[in-house]
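Engineer: I'd like to ask some things about the structure below.
Read-outs: derived from the displayed coordinates by stated rules, not from any lab. A quick note: this is a predicted structure, and the numbers were derived from the prediction, not measured. Note that each Cβ is placed from the backbone with ideal geometry, even for glycine, and that neighbours are counted across all protein chains shown.
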Amino acid sequence: MAEIRGADPYAERDDQRELRRLARDIARAEIAPRAAAHDESGDPPLEAAAALAAADLLRVTIGEAWGGLGYGDVEASIVLEEVARADVSSAIWCQLTFNGPPRGIEHLGPPPMRDRWLPAVAAGDALISIGITEPDAGSAVQHMRTHLRDDPGGGWRLNGYKNYSTLGHVANGVLVWCRWPGGEGARGIGAVVIETDRPGVTVTGVHRSMGVHAATEAELAFDDVHISAEDVLIAGDPSNTDAFKVLLAHLNHERCGNASMCVGAASGALEYATAYLNDRRLDGRPLASLQGLQWKLAEMALALDGARLLLRRAVHLAGAGGTPPALETAMAKVAANRAAKTVCDEAIQLLGGYGYSREYPLERAYRDIRGLCIGAGTIEAQLNYIGGSIVKGNVTTSPGWIGTRVGPDRDPGATLR
Ligand SMILES: Cc1cc2nc3c(=O)[nH]c(=O)nc-3n(C[C@H](O)[C@H](O)[C@H](O)COP(=O)(O)OP(=O)(O)OC[C@H]3O[C@@H](n4cnc5c(N)ncnc54)[C@H](O)[C@@H]3O)c2cc1C
């Protein structure tokens, strides 16, 4: 294939290509062969996690001081794409490791918290889940009830309930968004990180969902759990929303990771369907020779590459050690969620009855990416943010419409996630 690297602003460096190759090899050899069995059983993808850890792929985003490789969002996106191409459930393990609590701990946490968690996460010996969503606080997360109260003996007591914590039943720790005493609405919301075996933490249920069966969500209850200063990731101040805004901005890592998994799963589906059309012969000629089906492939590739480019812009804008900007991230997530739905759906159609069968990987990919359109902030929540930004005169770094505010000075956050 012709080499046109110089013309591509997002061309991968040699080390990034090497990382992609390694992740693809592990995904093909160790993850893909087990994906269907884990989907059927619902067992967490522990072998996949062990293979990723053995290849040092869980170290990607953790700082070198804690045994990581110190890479950023671009490299996280590369690995997530390649793992999700084989299995979204296994990619979710990477997502929690790259773009979940460890990022926040490294950027915001006190030194004992970093030392407690980061080396273990980098080695693949610990997983930390995320507890944000509650029955009355999904998109409108500022209505959360989980709260701290002062403990006369020192520290605080945590009480509340989180109903969607991916792999919360498997994880060793959980990052819990909660309200500090005296806070209301978005004011006073901060976060703590605690072990899941701490007294008062209970797994009260495990969801049976449409997809990502091997990385499903758990319900977690917190009953008077003791919290010390060392457990505080970022303290909520009841007089303002500062901590809440920092936590929301951190979700941009997770959204880019979510988009990366969608791009990866959709790439795998497009490749699978293309190979099938080239192989499958009807009336003495390959299905791939039919123009109507080539047009389907063209539409799939257009949706996928559009999303991929928006994603690359968002992760490149994060720079080394930074956070992807909210507007570009929201656009990338919506485009990737939609592209994955379209591509996986059409790929099933292109295989006819075989696409619908559990013997083939496409229906699993479709069920898996469906949840990604809801998790990490729904498509509608992202559209609210994009539309609100446009109305306020904010533009992206690649402005295509007339706005007034570009880059870091623009409105930094939204109350919806
Ligand atoms: C696979 C998966 C994994 C998840 N993992 C986690 C996790 O690890 N940790 C965690 O804390 N949560 C997790 N979640 C929960 C997820 O973040 C929430 O489901 C999501 O934020 C939506 O909240 P909700 O389900 O309460 O829906 P609601 O907020 O009740 O929304 C219902 C519908 O209304 C729409 N809507 C709501 N408000 C508006 C508005 N103002 N304008 C337009 N439309 C609106 C939504 O887009 C949605 O379509 C996960 C969810 C899924 C599906």
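Engineer: Restricting attention to the range 164-209, which trypsin sites (Lys or Arg not before Pro) occupy a DSSP loop and are surrounded by at most 13 other Cβ atoms within 10 Å?
Structural biologist: Here the trypsin sites (Lys or Arg not before Pro) that fit, given the DSSP loop and packing criteria, are ARG208.
Engineer: I've got another one for you. So for the pair ASP223, ASP242, with labels modelled 7 Å out along Cα→Cβ, what separation do we get in nm?
Structural biologist: 3.7
Engineer: Here is a follow-up. In the chain, with Lys and Arg counted as +1 and Asp and Glu as -1 at Cβ, which of these residues, LEU52, GLY160, LEU304, has the Cα nearest the positive end of the dipole, that is, farthest along it?
Structural biologist: So the residue we want is LEU304.
Engineer: Where nothing but the Cβ of Lys and Arg (+1) and of Asp and Glu (-1) is charged, how large is the charge dipole of the range 7-122 around its Cα centre, in debye to the nearest 20?
Structural biologist: That gives a dipole near 180 debye.
Engineer: Follow-up. Pick out, in residue order, every one of the chymotrypsin sites (Phe, Trp or Tyr not before Pro) in the range 109-188 that is DSSP loop and has at most 13 other C-beta atoms within 10 Å; say none if there are none.
Structural biologist: Sites meeting the loop and neighbour criteria: none at all.
Engineer: I need to check one value: relative contact order of the range 128-240, counting alpha carbon pairs closer than 8 Å and at least 6 residues apart, in percent.
Structural biologist: Worked out over the range 128-240, it gives 31 percent.
Engineer: Here's something else I'd like to know. Between ALA54, ALA266, ALA303, where does the largest GNM mean-square fluctuation fall for the chain, given springs only between Cα atoms within less than 10 Å?
Structural biologist: ALA54
Engineer: With contacts defined as alpha carbon pairs under 8 Å and 6 or more residues apart, what's the relative contact order of the chain in percent?
Structural biologist: 16
Engineer: Within the chain, which is the longest segment containing none of the GluC sites (Glu not before Pro) that sit in a DSSP loop and have at most 10 other Cβ atoms within 10 Å?
Structural biologist: 4-183
Engineer: Answer with one residue from TRP401, CYS178, ALA65: the one whose Cα lies farthest towards the positive end of the charge dipole of the chain, charges on Cβ with Lys, Arg +1 and Asp, Glu -1.
Structural biologist: Working it through, the farthest residue towards the positive pole turns out to be TRP401.
Engineer: While we're here: Name the residue farthest towards the positive end of the dipole of the range 128-240 from the options PRO135, VAL201, GLY188, assuming +1 on Cβ of Lys and Arg, -1 on Cβ of Asp and Glu, about the Cα centre.
Structural biologist: So the residue furthest toward the plus end is PRO135.
Engineer: Moving on to the next point. For GLY205, list long-range residues whose amide hydrogen, built 1.01 Å from N in the peptide plane, is under 5 Å from its own amide hydrogen.
Structural biologist: Here GLU219 satisfy the definition.
Engineer: Follow-up. Using the alpha carbons of the chain, what is the convex hull volume per residue in cubic angstrom, as a whole number?
Structural biologist: Cα-based convex hull of the chain, divided per residue, equals 142 Å³.
Engineer: Right, something else. Any idea how far apart ASP125 and ARG405 come out in nm if each label point goes 7 Å out from Cα toward Cβ?
Structural biologist: 4.6
Engineer: Reported to two decimal places, what Rg/Rh ratio describes the range 128-240 when computed on Cα atoms with Rh from the Kirkwood expression?
Structural biologist: Rounded to two decimals, Rg over Rh is 0.97.
Engineer: For the range 228-326, what is Rg from Cα atoms divided by 2.2 N^0.38 Å, rounded to two decimals?
Structural biologist: Expressed relative to 2.2 N^0.38 Å, the Cα Rg reads 1.72.
Engineer: Something else: To the nearest 20 debye, what charge dipole does the range 243-409 have about its Cα centre, counting +1 at the Cβ of each Lys and Arg and -1 at the Cβ of each Asp and Glu?
Structural biologist: Charge dipole of the range 243-409: 220 debye, to the nearest 20.
Engineer: At a threshold of 8 angstrom on Cα-Cα distance, excluding pairs fewer than six apart, so keeping six or more, what relative contact order does the range 7-122 reach in percent?
Structural biologist: Relative contact order of the range 7-122: 28 percent.
Engineer: Something else now. Against the 2.2 N^0.38 Å scaling, with N counting residues, where does the range 270-417 land? I'd like the Cα-based Rg ratio to two decimal places.
Structural biologist: So the Cα radius of gyration is 1.28 times the expected 2.2 N^0.38 Å.
Engineer: Here is a follow-up. Which residues' amide hydrogens lie under 5 Å from the amide hydrogen of THR216, considering only partners 5 or more residues apart or on another chain, with H built in the peptide plane?
Structural biologist: LEU167
Engineer: Report, in debye and to the nearest 20, how large the dipole of the chain comes out about its Cα centre when Lys and Arg carry +1 and Asp and Glu carry -1 on their Cβ.
Structural biologist: 1000
Engineer: Right, next: Quick one: helix 14-26 against the long Cα principal axis of the chain, what's the angle to the nearest 10°, folded into 0 to 90?
Structural biologist: 80
Engineer: Still on this structure, I have one more. State, to one decimal in nm, how far the label point of TYR356 lies from the label point of VAL391, with both points 7 Å from Cα in the Cβ direction.
Structural biologist: 4.3
Engineer: Determine the sum of side-chain charges near ASP345: Lys and Arg each +1, Asp and Glu each -1, restricted to other residues whose C-beta is under 14 angstrom from that of ASP345.
Structural biologist: +2
Engineer: So what is log10(I(q)/I(0)) for the range 7-122 at q = 0.13, 0.16, 0.23 1/Å, when the Debye sum runs over its Cα atoms only?
Structural biologist: -0.50, -0.73, -1.24
Engineer: Rounded to whole Hz and in sequence order, give me ³J(HN,Hα) for the range 312-320 from the Karplus expression 6.51 cos²θ - 1.76 cosθ + 1.60, θ = phi - 60°, writing x for Gly and Pro.
Structural biologist: 4, 4, 4, 6, 5, 5, 5, x, 6
Engineer: In whole angstrom, how far apart do the alpha carbon centroids of the range 284-342 and the range 169-223 sit?
Structural biologist: 32
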